[in-house]
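Let me begin by presenting the structure, written as structure tokens, before commenting on it.
The values are calculated or read from the model by the stated rules, or taken from the named source; none is laboratory data. Please read these numbers as outputs of a predicted model, since none were measured by experiment. Note that each Cβ is placed from the backbone with ideal geometry, even for glycine, and that neighbours are counted across all protein chains shown.
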Amino acid sequence: MTTPLTEDFLRAIPKTDLHVHLDGSLRIATLIELARAQQVVLPSTSEAGLAALVFKDQYANLVDYLQGFQYTVAVMQTPEALERVAYEFAWDNFNEGVRYFEVRFAPQLHVNSKQNIEDVLAAVQRGLQRAKGEFNQRADVVAGSAPPAECGIIACAMRAIFPGMSEHYDQFLNLHRFTRAKRVFALASLEMVQALIYARDELGIPVVGIDIAGPEDGYPPDDHAEAFELAHRHFFMKTVHAGEAYGPESIFQAITLLHADRIGHGYYLFAADKIQDMSVTDAEAYVRNLAQYIANRRITIEVCLTSNVQTNPHIGDIRKHAFARMLDERLSTTLCTDNRTVSKTSMTRELALACTSFGLTPAAVRDIIIYGFKRSFFPGTYKEKRVYVRRIIDYYDQLMTQFMPAPARG
Ligand SMILES: [Zn+2]
């Protein structure tokens, strides 16, 4: 029997993307155009050249994977460029059926002598708002027969900052020459959270959550506990990149020290052999208990299949990805792209990949999709969120009836 989960169906259904980096998702044509206008030098000026050299199908490791960001961030240093990139990003999502996304970026990577942190956030918001406004003028949305698009912003703090990352970070490092590095990282995160409070509460920018990104190994989350505590006290939701390049205890720290509501990647959740905490005597039991703790708390794991295989080439076959065990343990998971351009993927593609690699049934796909909406950091009230999720479920079920004969829906 052929699967009822056709690409047409996967494209049509309303989807979320809760883990996607703006600076990893630029259209390559836009990158080339902006670089030309701003005199930013790229390793190639053609789409094919950049696809061969920078935005590849496969990468050697995380460092290789991250190469492209220096170019994308370099062209996103003006309000006009940020607005354009955000606008195009939103449309790329809407055009493949992503109805709700939370786009993330590190605002401090875009701060320079011409734009401050609130300018950066406002420029991205303008782009998103314009695209959303246009999409929501669609006849079926206006008529109420299809749910509108919604979105939020997640701001990333960086686990560590190094010279050359951005004009702002260079200044920050210079101003704190006599402060030890870890304290400087902590202060940068704290400064960002204070700016987010202002941007959300005074400017009305829908910053729904904070995240921490950057190298995991050697840069533990406790450096940023103060910033996350402040965000927590101001009711920001929290997601943390953890278990992407480091062991399970990194995930535990994200939940306990940084109050993470969701975990980015969590790939090494079951990797008992990666535990470095000497106080753990039974590694297998630790991993089992951690998984149960996450399952019970309904902490959602943002699974990025393509990205994980690209940054951890040793996984080899996607079927060996920890997602199989996450499903088996009934963890709350949502599929995400991580980076549309750097990973050369889309939500439709990630879903198709999950369906073929893990034999997902239509009912399992429905569960995963609805979890995405339910576990989102929706920018409205809880009542509004419930109404929105209900509309999504009704619309989804209507599409299922339309695309699949009844026996195929189970
Ligand atoms: Zn990520």
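Miscellaneous remarks
- Looking across 255, 263, 251, 212, one residue alone is within 16 Å of the ligand (Cβ to nearest atom), in contact with a Lys or Arg (Cβ under 9 Å, 6 or more places away or on another chain) and either of a type outside the set (Phe, Trp, Tyr) or part of a loop (DSSP other than H, G, I, E, B) (or both). It is 212.
- Any hit, the stretch 296-310, residues being within 16 Å of the ligand (Cβ to nearest atom), touching a Lys or Arg at 6+ places or on another chain (Cβ under 8 Å), within 23 Å of residue 105 (Cβ to Cβ) and in a loop (DSSP other than H, G, I, E, B): no
- Output for the stretch 1-25, where each listed residue is out of contact with any strand residue (DSSP E or B) (no Cβ under 6 Å at 6 or more places or on another chain) and part of a helix (DSSP H, G or I): 7, 8, 9, 10, 11, 12, 24
- Close pairs (6 angstrom Cβ cut-off, 6 or more residues apart or separate chains): within 30 Å of residue 177 (Cβ to Cβ) in the stretch 150-162, hydroxyl-bearing (Ser, Thr, Tyr) and surrounded by fewer than 24 Cβ atoms within 10 Å (Cβ to Cβ) anywhere: 159/219; 160/219; 161/169
- Count of the stretch 52-85 residues which are surrounded by 13 or more Cβ atoms within 10 Å (Cβ to Cβ) and either in a loop (DSSP other than H, G, I, E, B) or at positive phi (or both): 11
- Taking the stretch 311-348 as the range and being out of contact with any strand residue (DSSP E or B) (no Cβ under 7 Å at 6 or more places or on another chain), polar (S, T, N, Q) and either within 15 Å of the ligand (Cβ to nearest atom) or at positive phi (or both) as the test, the residues that pass are 311, 312, 341, 343, 345.
- Filtered residues of the stretch 105-136 (kept if in contact with a Leu (Cβ under 7 Å, 6 or more places away or on another chain) and not in a helix (DSSP H, G or I)): 105
- Residue satisfying condition, being of a type outside the set (Asp, Glu) and either at pLDDT 95 or above or within 16 Å of the ligand (Cβ to nearest atom) (or both), within set 181, 188: 188
- Residue count for the stretch 317-355, restricted to those that are more than 26 Å from residue 248 (Cα to Cα) and free of Cβ contacts under 8 Å to residues at least 40 places away in the same chain: 1.
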